[in-house]
Every structure is written in C-alpha cells, then in structure tokens.
Amino acid sequence: MPMEKRLSTKTKIYLTIGLIIVGALLLWGSNYWLESYGQRILKLIAVYGVLAVSYTFVNGITGMFSLGHAGFVAVGAYVSALLTMSPMEKEMSFILEPLIWPLNSIQTDFLTATIAGGIAAAIFAFAIGYPSLRLTGDYLAIVTLGFSEIIRLIALNAQNITNGALGLKGLTEYTNIWWAWGWLLITVVVIASLTYSSYGRALKAIRDDDIAAEAMGINVFKHRLLAFVVSGFFAGIGGSLYAHLLTTIDPRPTTIGVFLTFYLLIMIVLGGLGSITGALIGAALFAILSEWLRIFESNITIGSITIKGIPGMRMVIFSTLFVVTMLVWRRGIMGMEEITWDKLYNWLLRFRKKGQTAEPEPKRGDVDE
C-alpha cells in the first residue's frame, strides 16, 4: 500500500481560509438564490449541526451513552428567550403568574443571551454529570434520560419562570444565516481542536477501554465530566438558536423532550458515531428529509385519485430508513473517519494516477506476428 502524502500546515490553513470564504459567499448568495423556505432549511441544517456535533462529542468520541441532551437544549432555549424578550413582551406573555424578579426587567442582546444560555446549560451539565458519570452503559442512559425529563417537567410546572404549559411565544427570529452557520463553525473548531488534542486522545482511550486508560494514569471521571460540560455548553448554544428559529419554546415532548434526543441520536448514528464529519452529514440529511417527507402527511392527488395523508407518517418512514441503514451500514456513513485535507489530496492523487496509467489499446503494428 503506497504511503499517504501529507500537506504542509501552511497549505491546510490557506485551504481552510479559502473554504470559509467560499462558504461565506455561498451563504451570502443564498439570500438571492433561495426563497424563505429554502433559507429556513439552510438555517435548520446549521442548528442541527451544532446539536449533533455537541452530542457526538459525548456519545461518539467519549463513548458515554447519554440520553439527556434535550434537557441542556431546553435550558439554553429558555434562558436565552427570557433574556431577549422585552419587559413588555414578558408582561403580556405571563398571564397566569407574573415572571419573577429580576428576569421580568432584564433584556439583553442576542449574543449575550446565547452565551448565557450556553453557560446555564453547562452548569446544569455539571450538576447532573457530577453524581451520575460514575455510572456507565445503560445505567448512565437511564439516569441522564431521567434528568432530562426532570428539566422538562420543571419547565412545565415553573409557571412564574417558564410560563408553564403556555411556553414562550412570539420570540424575535434572531437566528439568521450568519448566526446559525457562525456558531456551527465555532462549535466544529472547538470540538475538533479538543478531539485532536492530548485531551481528545485520552477521551478516545477511555472510550475504547476505560479500565486500561485508568491504569495508564488517565483520570476517567475528570475527563468524562469535562466532556459532558463542554457538550452541555454547546447544546445550550444550539437551544438558543433553535428557540429563536422556531420563535417559540414550550415543554412539549416533541419540542424539547425525548423526541429531540431521539432525533439527535438518529443524526449521529446515521452519520457515523464518533465522527464530527458524520454528525454534520447526519444533521444535513435529517433536516432536509424531515422537511421533504412532510408530503406523506398531506393529501396527495394523482389524477382523479386522492391519497389521504397520515399524521406522523414522516417519522415512521424516517425510523424505517434508520433501521435499514443500520442493517446495511452498521457504522454509519462515515464510521469513525473524518474528511481531512490530507485524505482529499491523496484521493485526488489516486484518481489522477488512475487516469494517467490507464493502458491504451495496442495498435495493430505493435502486435508481434
């Protein structure tokens, strides 16, 4: 097998900067090329990407089976929403019970509110992770799922903080193309930097064999807790973006409950558990297909025949596709691999070499009689 060639660090930096510039130009052009619905899907891809990358950092890279990600998304969504709403909007929304002080008189800009939502989610992640991360496997999954449901029930019953079942509606749609994709870029850079650092290598060692990692001197609990907190922070960031994209947030299970965790699990397993690139691919596929499959929930007319739509049918189809994918592609689309500049460069070299070494057909005069 030929030795893989590597690009210099300077070349990779130039290529990355060029990719960011091209991406920014394409996003700028999307304001003219895409209608509002297409732009909404583009923003949804980025928001799902933030949530999926933060989730795969815990479940894929660290190897912890956590089902509590939706709880951190909810914390970030509620905190940021309460900070961006004006005092008048809060007074009009909180009909049954008034909002507590000082939240009833505070209003900040979207950036401050988003960071505050991420910090609040990180605090909750620390409070949940400290007593529960000594567990592993199914036990950890059950505990984190229970904590996530506790957060949702608190949001449902804390009338003077979250407005209870009524939720927070009429939020300003701050999540535009630049906020969504900008935060996705930050999330990918931070998570990738941690993954390919010595800390990330320790996390992968813990994922592969935590007993051997601990025998090598790695503090397993400390590394897991830090990964859990970092993941919670970016989940809170994604929750803020999600709330200000939907312009509403409420404690229904389909919004911030177990359904959201299930969606995120589909994304990271479909893309490849343990791959940041796979998480991005899974998020993009989920965002596009979840919107396109809505046609099966509405009436379809073919000539004189009308087929009635079935509510919830898109998730049935999605679940079926998920099961089929797991049977055919057990490791997901990317497995644990990443798309890097070195891999792209070597692929281009192999493709070029195949084109150059293709043997031409022999001429008649070249054949020995």
Residue check for THR172: in contact (Cβ under 8 Å) with a residue 40 or more places away in the chain, in a loop (DSSP other than H, G, I, E, B) and not acidic (Asp, Glu): yes
Residue that is nearest to MET88 (Cα to Cα) [pool: residues in region 172-191 that are among the aliphatic types (A, V, I, L, M) and surrounded by fewer than 22 Cβ atoms within 10 Å (Cβ to Cβ)]: ILE177
Criterion violated by PHE65 - all others in (1) in a helix (DSSP H, G or I); (2) modelled with pLDDT of 85 or more satisfied: (1)
Residue match in region 19-35 (condition: aliphatic (A, V, I, L, M), touching a Leu at 6+ places or on another chain (Cβ under 6 Å), under 22 Å from LEU246 (Cα atoms) and in contact (Cβ under 8 Å) with a residue 40 or more places away in the chain): no
Some residue of region 33-54 being farther than 30 Å from ILE128 by Cβ, among the small types (Gly, Ala, Ser) and either surrounded by fewer than 11 Cβ atoms within 10 Å (Cβ to Cβ) or under 21 Å from the mean Cα position of the chain (by Cα) (or both): yes
Scope region 237-279; condition in contact with a strand residue (DSSP E or B) (Cβ under 6 Å, 6 or more places away or on another chain) and under 15 Å from PHE322 (Cβ atoms); matching residues: none
Qualifying position, being crowded, with 20+ Cβ neighbours inside 10 Å, assigned to a helix (DSSP H, G or I) and under 20 Å from the mean Cα position of the chain (by Cα), among LEU194, LEU203: LEU203
Some residue of region 84-96 being more than 14 Å from the chain's Cα centre (by Cα), within 30 Å of HIS223 (Cβ to Cβ), of a type in the set (Gly, Ala, Ser) and assigned to a helix (DSSP H, G or I): no
Positions within region 139-157 being in contact with a helix residue (DSSP H, G or I) (Cβ under 9 Å, 6 or more places away or on another chain) and either hydrophobic (A, V, I, L, M, F, W, C) or surrounded by fewer than 13 Cβ atoms within 10 Å (Cβ to Cβ) (or both), in sequence order: TYR139, LEU140, VAL143, LEU145, PHE147, ILE150, ILE151, ILE154, ALA155, LEU156, ASN157
Filter result for THR136 (surrounded by fewer than 18 Cβ atoms within 10 Å (Cβ to Cβ), more than 21 Å from ILE161 (Cβ to Cβ) and of a type in the set (Ser, Thr, Tyr)): yes
Cβ-Cβ under 7 Å pairs, at least 6 apart or on other chains, region 336-348 side under 21 Å from GLY200 (Cα atoms), far side surrounded by 15 or more Cβ atoms within 10 Å (Cβ to Cβ) and hydrophobic (A, V, I, L, M, F, W, C): GLU338/ILE276; TRP341/LEU7; ASP342/LEU7
Boolean, GLU149 is assigned to a helix (DSSP H, G or I) and among the acidic types (Asp, Glu): yes
Boolean, PHE318 is of a type in the set (A, V, I, L, M, F, W, C) and either at pLDDT below 70 or within 30 Å of THR254 (Cα to Cα) (or both): yes
Segments classed as helices (runs of 4 or more DSSP H), wholly inside region 228-340, with at least 1 members that are surrounded by 24 or more Cβ atoms within 10 Å (Cβ to Cβ), in contact with a Leu (Cβ under 8 Å, 6 or more places away or on another chain) and of a type outside the set (A, V, I, L, M, F, W, C): 258-271, 276-292
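The values are calculated or read from the model by the stated rules, or taken from the named source; none is laboratory data. Keep in mind that this is a model prediction, so the values were computed, not measured. Neighbour counts run over all protein chains shown; Cβ positions are idealised from the backbone, glycine included.
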